[in-house]
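Here is the structure we will look at.
The values are calculated or read from the model by the stated rules, or taken from the named source; none is laboratory data. Given the structure is predicted, the values throughout are model-derived calculations rather than measurements. Quick reminder, even Gly has a Cβ in these numbers, built from the backbone with ideal geometry, and neighbours come from all protein chains shown. Note: accessible area is taken over every heavy atom of the protein model, side chains too, but ligands, DNA and RNA are not part of it. Shrake-Rupley method; radii C 1.70, N 1.55, O 1.52, S 1.80 Å.
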Amino acid sequence: MASGAPVGGVDYPKTFQQFRDWFVDDEACLDYLEQLRWPDGFVCPVCAASDAWRVAGRMWMCAQCGRKTSVTAGTIFHRSRIPMSTWFAAVWFLTSQKNGISALALQQQLGFGSYETAWAWLHKLRRAMVHPDRERLCGVVELDETFIGGVSPGKDGAGTDKIPVQIAVERLGPRKLGRVRFAVATRPGTLELVEFACREIEPCSTVRTDGARMLRRLTEHGYLHEAVDVYTAEEKDSVLPGVHLVASLLKRWLAGTLQFSVTRPHLAYYLDEYAFRFNRRTSAARGMLFFRLLQQAVATDPHPLQELLF
Ligand SMILES: [Zn+2]
């Protein structure tokens with residue numbers, strides 16, 4: 001693999017044709033994962049030694065502690081009975097389409113017998129979309145809450161199904177947005193939004209908000225707080241155009257790609273996927289998302305199916 005920024009055609013396939021040529025079988029996929037997980041050569045996950053022997057079954061045996069390990073050990077692919085080439089195909093379909101793929105479409109593409117299998121796979125992959133040690137947002141950041149859902153057949157629009165979602169987005173210029181972060185809130189309009197800011201935004205950043213009372217606390221946490229008083233929703237859109245735009249794009253994506261209502265326990269995963277896509281929207285090559293997702297997948301804890309079924 002080339003050092004520096006990944007290169008299309010060298011570090012990741014640029015086209016579906018290349019994808020098929022590179023990953024002809026499981027061996028080719030595992031070779032690729034080894035390069036992603038250990039770009040500078042094998043490192044023992046137990047003792048961090050780099051001396052090891054290859055042993056049967058594509059395992060490595062650490063020369064120092066004697067522990068046997070494989071490239072998928074401790075990742076979302078751990079103990080999967082599904083061929084690695086099928087996983088790769090799922091990752092390709094998920095990342096090569098601008099808006100992602102629904103569980104139903106994935107089931108049809110890969111010929112899975114059950115919708116539940118496709119659904120569980122997508123959720124595993126969504127978990128890999130959050131970089132384990134991602135950097136916090138910085139500079140000028142807009143912060144606000146929005147609501148997802150709320151329209152259920154047979155209900156009177158009382159708002160009981162609305163899920164509050166926190167949004168923070170970097171403003172890089174008058175018409176330019178940077179990275180985004182989301183979180184599901186337990187209750188809207190509480191100090192949870194300040195806690196969210198502390199988790200996701202670097203101190204010393206300028207945080208722009210609608211000036212809700214609890215957000216005055218932001219200054220206590222080292223942020224420069226730009227509170228703008230707003231009295232109507234229209235005003236809010238013009239004062240915080242970044243979060244407003246992100247919120248409407250998110251809602252359109254949820255409605256278009258998933259095509260079913262999102263429940264509270266699963267919303268966080270969809271938010272992770274949308275943030276992954278949004279934060280890489282300027283990548284010219286879709287293959288770059290394929291590369292990043294697999295790279296993060298081999299750095300992610302395993303999540304057995306039963307853990308995903310709430
Ligand atoms: Zn070791």
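Annotations
- Among the candidates Leu125, Leu137, Leu94, residue that is touching a residue at least 40 places away in the same chain (Cβ under 8 Å) and closer than 30 Å to Leu224 by Cβ: Leu137
- Subset of the stretch 107-147 that is of a type in the set (A, V, I, L, M, F, W, C) and more than 18 Å from the chain's Cα centre (by Cα) - its residue that is surrounded by the most Cβ atoms within 10 Å (Cβ to Cβ): Leu143
- Across the stretch 41-63, the number of residues qualifying as at pLDDT below 90, within 9 Å of the ligand (Cβ to nearest atom) and either loosely packed, with under 11 Cβ neighbours inside 10 Å or in a strand (DSSP E or B) (or both) comes to 1.
- A search for C-beta distances below 6 Å between a residue of the stretch 185-208 that is assigned to a loop (DSSP other than H, G, I, E, B) and any residue that is among the acidic types (Asp, Glu), counting only pairs 6+ apart in sequence or on different chains, returns Ala185/Glu192; Pro188/Glu145.
- Tabulated pairs, the stretch 13-27, first under 14 Å from Ser96 (Cβ atoms), second among the charged types (D, E, K, R) and surrounded by fewer than 15 Cβ atoms within 10 Å (Cβ to Cβ), C-beta under 8 angstrom, 6+ apart or interchain: Pro13/Asp21
- Any hit, the stretch 64-85, residues being in a helix (DSSP H, G or I) and either in contact (Cβ under 8 Å) with a residue 60 or more places away in the chain or open to solvent by less than 30 Å² (accessible area, probe 1.4 Å) (or both): yes
- Top-ranked residue of the stretch 217-246 - restricted to ones that are surrounded by fewer than 19 Cβ atoms within 10 Å (Cβ to Cβ) and under 12 Å from Thr146 (Cβ atoms), ranked as modelled with the lowest pLDDT: Ala233
- Lone unmet requirement of (1) in contact with a helix residue (DSSP H, G or I) (Cβ under 7 Å, 6 or more places away or on another chain); (2) away from the ligand (no atom under 16 Å from the Cβ) for Ala5: (1)
- Qualifying residue in the stretch 8-19 (condition: of a type in the set (Lys, Arg), under 27 Å from the mean Cα position of the chain (by Cα) and away from the ligand (no atom under 16 Å from the Cβ)): yes
- Remark: pairs (first residue in the stretch 249-265, small (Gly, Ala, Ser); second residue modelled with pLDDT under 80; Cβ separation under 9 Å; 6+ apart in sequence or on different chains) = Ser261/Val151; Ser261/Ser152; Ser261/Asp161.
- Pairing residues of the stretch 268-294 that are within 22 Å of Leu33 (Cα to Cα) with residues that are part of a helix (DSSP H, G or I) and open to solvent by 30 Å² or more (accessible area, probe 1.4 Å), at Cβ distances under 6 Å and at least 6 apart in sequence or on separate chains, gives Arg286/Ser96.
- Test for Ser102: is it open to solvent by less than 60 Å² (accessible area, probe 1.4 Å) and at pLDDT 85 or above: yes
- Only one of Val151, Val141, Val130 that is in contact with a Gly (Cβ under 9 Å, 6 or more places away or on another chain) and either modelled with pLDDT of 90 or more or closer than 16 Å to Arg199 by Cβ (or both): Val141
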